[in-house]
Amino acid sequence: MVAVLIGFASLYITNSLVKDLSLEERKKIELWAKAIREISNITDLADSSQNFAIVLEVLENNTTVPVLLTDENDSILSHMNIRPSRLQTQEDAQRMLSQMKSSKEPIVVTLIDGSKNIVYYKDSTTLVKLTYYPYVQLIVIILFIIASYYAFSHSRKAEQNRVWVGLAKETAHQLGTPTSSLLAWLELIRDSGIDPKLVANFEKDISRLEKVVDRFSKIGSSPSLRVTNLLTVIGSTVDYLRNRISSKISLTVQFNSAESIPVPINETLFEWVLENVIRNSVDAIQSTGEVTVSVIDNTQVVFIDITDTGKGIPRSHFKTVFQPGYTTKSRGWGLGLTLSKRIIEVYHNGKLFVNSSEVDKGTTFRIVLNKSHN
């Protein structure tokens, strides 16, 4: 704000200075025109040698302001401070004359015989440069502000990323210790004669906890991508979630699970994305509804669409839903979609966005994955 105010102040002051200098140049040209008239009135050079010398000095002192002297018929009689190359042809001369006519009000010189000469002029090069200088200065200030804003924004984003990474690593570290202990307890429970079904469920929960730890540990690093059958991963994730959501909500897939679409992904992180997006779709459904996962296989990319029949998202919030902290639930941190977008776009070089949505009708999230390593 201060820089912009300084720029406008400079613009105002310079414009005032330009007006003053323009008046000074006008006076200089008027004096020059008066010298032309004086020369034409000198009849006895011997008696007026001193006056003639002064007049010549006045004429020669104009070294900056471009001037054209013409007769009443616009025939050019002489010129000063104009490059000869700009007056080589009649067309060039007339073009220069037209420019000067539109630039400044001409000065009429009445000679001793009653005829008239006309002096045309325009601003000097120095004055033209001074006129444009504050605009250039203002543009430089604006560019500096834009560059500063982007540098600050990048620095802030980098700081946020460090917080994300630190939080994820710390979470993985904190979960790792009790998970290891639970694995040891699992072995003891197996030997204690407890119902094998309970042991199996306990083992599944520990495996799930290990997967969560693995997910958080991969945030901030460069996870390896391995060519995997995408349909198998989606199918297993949907099967896992189907038993953990309300029976009033139908979770289906629209693809043939027997087919194969090989795509380079990190299976652990991609499953996390699917879970986050599908859970978000489930939460958008008030009571009963449907969530559908469909896959569109193109030549170079694969589209995964997660469509729900929930409350929908206003168009103005299509990008907001991916910002940290955005949530419509009474509980939750609003980080699921933010993490998912980061995983897809940073680690998989793909895209995650709201493909379409209508309020009170439903929403479709689209994941775009490349079928080859980039």
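The values are calculated or read from the model by the stated rules, or taken from the named source; none is laboratory data. The structure presented is a predicted model; accordingly, all values stated were derived computationally and were not measured. Here Cβ is always computed from backbone atoms with ideal geometry, including for glycine, and neighbour counts include all displayed protein chains. Protein only, heavy atoms only, side chains kept; ligands, DNA and RNA dropped before computing areas. Shrake-Rupley method; radii C 1.70, N 1.55, O 1.52, S 1.80 Å.
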Worksheet item: In square angstrom, what is the accessible area per residue of the chain with a 1.4 angstrom probe?
Response: 60 Å²
Discussion item. Just to be sure I understand the model, the point goes 7 Å from the Cα along the line to the Cβ. What's the resulting LEU335 to SER148 distance in nm?
Written reply: 3.4 nm
Item to complete: Mind ranking 314-322, 257-265 by how tightly packed they are, going by the mean number of other C-beta atoms within 10 angstrom, highest first?
Response: 257-265, 314-322
Response to the item:
Once the dipole of the chain is set up from charges on Cβ (+1 Lys and Arg, -1 Asp and Glu), the residue from the list LEU209, GLN160, ILE36 lying farthest towards its positive end is LEU209
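Using the per-residue mean of other Cβ atoms lying within 10 Å as a proxy for protection, in what order, highest first, do the peptides 144-157, 355-368 fall?
Working: 144-157: 10.5, 355-368: 17.6.
Ranking the peptides 144-157, 355-368 by packing returns 355-368, 144-157.
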Discussion item. Please compare each pair in LYS169/LYS311; LYS157/LYS371; LYS169/LYS371; LYS218/LYS248; LYS197/LYS371 to a cut-off of 32 Å on the Cα-Cα distance and tell me which ones are over it.
Written reply: LYS169/LYS311; LYS218/LYS248; LYS197/LYS371
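Any chance you could run the full-extension gain for GLN254 through GLN94? It's 0.36 nm times the residue separation minus the Cα-Cα distance, nm to one decimal. The partial results should precede the final answer.
Numbers: separation 160, 0.36 × 160 = 57.60 nm, distance 7.67 nm.
Length difference between fully extended and current span is 49.9 nm.
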Discussion item. If you average the C-alpha positions of the range 212-285 and of the range 120-191 separately, how far apart do those two centres end up, in angstrom?
Written reply: 30 Å
Discussion item. At a threshold of 8 angstrom on Cα-Cα distance, excluding pairs fewer than six apart, so keeping six or more, what relative contact order does the chain reach in percent?
Written reply: 11 percent
Worksheet entry | Placed amide H near LYS104: partners under 5 Å, 5+ positions off or other chain | TYR121
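What FRET efficiency comes out for the pair ASN298/ASP191, r = Cβ-Cβ distance, R0 = 51 Å, nearest 0.05? Walk me through the numbers on the way to the answer.
Values: r = 53 Å, r/R0 = 1.04.
Rounded to the nearest 0.05, the efficiency is 0.45.
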Practice prompt. Using a 1.4 Å probe over the heavy atoms of the protein chains, calculate the carbon and sulfur portion of the accessible area of the chain as a whole percent.
Written response: 55 percent
Item to complete: Could you tell me what fraction of 2.2 N^0.38 Å the Cα radius of gyration of the chain comes to, as a two-decimal ratio?
Response: 1.93
Worksheet item: How do the peptides 25-35, 1-11 rank, highest first, by the average count of neighbouring beta carbon atoms within 10 Å per residue?
Response: 25-35, 1-11
Worksheet item: Can you list the residues, at least 5 places off or on another chain, whose amide H is less than 5 Å from the amide H of LEU251, using H built in the peptide plane?
Response: VAL291
Fill in: Given charges at beta-carbon only (K, R positive; D, E negative), |dipole| of the chain in Debye
1380 debye
